[in-house]
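Novice: Please see the structure below; I have some questions.
The values are calculated or read from the model by the stated rules, or taken from the named source; none is laboratory data. A quick note: this is a predicted structure, and the numbers were derived from the prediction, not measured. Note: ideal-geometry Cβ built from the backbone for every residue, glycine included; neighbour counts use all protein chains shown.
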């Protein structure tokens, strides 16, 4: 009996997860489109500021920037994947899932895992491409750990996307979210600059930004420098992920069609 | 036996009563038409019956279960075709069926058999591996019907299922449904704006206006009561001739925008 219930849970989560992956691999334009921006950042900023960064005694900017651009790819892809719920709502598919004999919590978990997987795959692709740009990790043994942290960051922001999507009822608010939430989260996270010696205000904002801890953890694992310390990063990311997952499933359970 | 029992159902949005003290019963195996002008409360009632909305007050039972206390038992009891399409366009016809089958906990082997049988039934088996976005409106409707029947529901809700379909497809669809009603004793609950459709197909008709049931009976009874030759005439006598405005839903607005964009 218990075994059957668990099986049912797993199979519903699986089918929701695989749906996200199928959608991702089928829309090649989306895949390529969402890689263009991080690559541009990597090339334009990486090479553009490389010399200045080197002169300031901070070492290779490409090495410094790569974890930031991985973080950027993950935050954009995962928030947008979470927000895909708005599309499902607009085009009716959400109703199909909501009248099915499956708990909303289950639906939310399946979708979030799917979105997070897609975001992690994108992060890994950017990571691989960064080698061409001249990035080399500090230790190969830590790369799998870095990928685990990517999953954690992806879960965090997918849950945030689900939360936002549950509160909006059409795409009107989308641009607002991009400009007032996603962009600031990215630019103020230390993805592009070191967090040392910042003005007080920026420093406080960076400390409140969950992406700062994600990118800091990538740096700790990939290039062996860290601002907050790896254990702080992981602790903060885990707590916020749990909080966002709970809030996301709460707001998702309140959606009325 | 009554498979749907609704008693004093009310749904209030702010100060507006979308459904106002509605009571009706649907017998098992009946084809029941739920008619009314735009904004009369049809879709809201269906949403409440299908666990998508909670009523403000009132009681109801579907297949003997209460949708509020026992939503999953109710969800297993009905299938539904919504007013708007509700397929995943990026999946194939088969994958849409598969998705439904897993969510409704249909064991793998039975699922495979039934999907084949139903897709053949709606004549989409040859197109099973095509993405739904390549389908016409009529094909999508047929697929939705097949999907709604996959878990062998006892009640089948259809919210304006024939909207935008050509007469051939409409006839085809009703032939399927009448056949199913006869062989499987499935109860069909549908809404439509084509009143002559209801007159021809439904065994019982309820007319709802301003959230209230204004008439309930067989098409024959309603015609006689209102001295009308057709159900359409009786419908107009009961609900008046003013045109109702319905607010555009976010989905409608979005579709308009999408149309504008894709024209560029």
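Novice: Output the number of residues of segment B:130-176 satisfying the condition of being surrounded by fewer than 16 Cβ atoms within 10 Å (Cβ to Cβ), touching a helix residue (DSSP H, G or I) at 6+ places or on another chain (Cβ under 7 Å) and within 13 Å of another protein chain (Cβ to nearest Cβ).
Specialist: Qualifying residue count for the region: 1.
Results for (1) buried (at least 20 other Cβ atoms within 10 Å of the Cβ); (2) within 18 Å of residue A:190 (Cα to Cα); (3) away from chain B (no Cβ under 14 Å); (4) modelled with pLDDT of 90 or more, shown as yes or no for each residue.
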| position | (1), (2), (3), (4) |
| --- | --- |
| A:11 | no, no, no, yes |
| A:18 | no, no, no, yes |
| A:70 | yes, yes, yes, yes |
| A:87 | no, no, no, no |
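Novice: Please specify each residue of segment A:139-170 satisfying the condition of being surrounded by fewer than 19 Cβ atoms within 10 Å (Cβ to Cβ), touching a helix residue (DSSP H, G or I) at 6+ places or on another chain (Cβ under 8 Å) and assigned to a helix (DSSP H, G or I).
Specialist: Within segment A:139-170, A:142, A:143, A:145, A:147, A:151, A:167 qualify.
Novice: Output the residues belonging to segment B:95-113 that are within 7 Å of another protein chain (Cβ to nearest Cβ), within 24 Å of residue B:140 (Cβ to Cβ) and not in a helix (DSSP H, G or I).
Specialist: If the condition is that a residue be within 7 Å of another protein chain (Cβ to nearest Cβ), within 24 Å of residue B:140 (Cβ to Cβ) and not in a helix (DSSP H, G or I), then B:104 is the only one that fits.
Novice: Also, quick follow-up: Helices (runs of 4 or more DSSP H) wholly in segment A:182-257 with at least 3 residues that are closer than 24 Å to residue A:85 by Cβ and more than 14 Å from chain B (Cβ to nearest Cβ) - which ones?
Specialist: Ranges flagged: A:183-187, A:210-222, A:230-253.
Novice: Going by the conditions given, is residue A:108 part of a helix (DSSP H, G or I) and either surrounded by 15 or more Cβ atoms within 10 Å (Cβ to Cβ) or in contact (Cβ under 8 Å) with a residue 60 or more places away in the chain (or both)?
Specialist: On the way: part of a helix (DSSP H, G or I): yes; either surrounded by 15 or more Cβ atoms within 10 Å (Cβ to Cβ) or in contact (Cβ under 8 Å) with a residue 60 or more places away in the chain (or both): yes.
In short, yes.
Novice: Here is a follow-up. Out of the helices (runs of 4 or more DSSP H) lying entirely within segment B:124-230, which hold 2 or more residues that are in contact with a strand residue (DSSP E or B) (Cβ under 6 Å, 6 or more places away or on another chain) and under 26 Å from residue B:88 (Cα atoms)?
Specialist: Qualifying helices (runs of 4 or more DSSP H): B:137-149.
Novice: Report every pair of residues separated by at least 6 positions or lying on different chains whose Cβ atoms are under 6 Å apart, first residue within segment A:2-26 and free of Cβ contacts under 8 Å to residues at least 60 places away in the same chain, second part of a helix (DSSP H, G or I).
Specialist: A:11/B:102
Novice: Which one is farthest from the other protein chains (Cβ to nearest Cβ) among residues in segment B:77-94 that are out of contact with any strand residue (DSSP E or B) (no Cβ under 9 Å at 6 or more places or on another chain) and closer than 14 Å to residue B:128 by Cα?
Specialist: Per the stated criteria, the residue is B:94.
Novice: Given the criterion within 30 Å of residue B:10 (Cα to Cα), at pLDDT 95 or above and surrounded by fewer than 20 Cβ atoms within 10 Å (Cβ to Cβ), identify the matching residue among B:61, B:69.
Specialist: B:61
Novice: If you go through segment B:44-57 one residue at a time, do you hit one that is more than 8 Å from every other protein chain (Cβ to nearest Cβ), at pLDDT 95 or above, buried (at least 17 other Cβ atoms within 10 Å of the Cβ) and more than 17 Å from the chain's Cα centre (by Cα)?
Specialist: no
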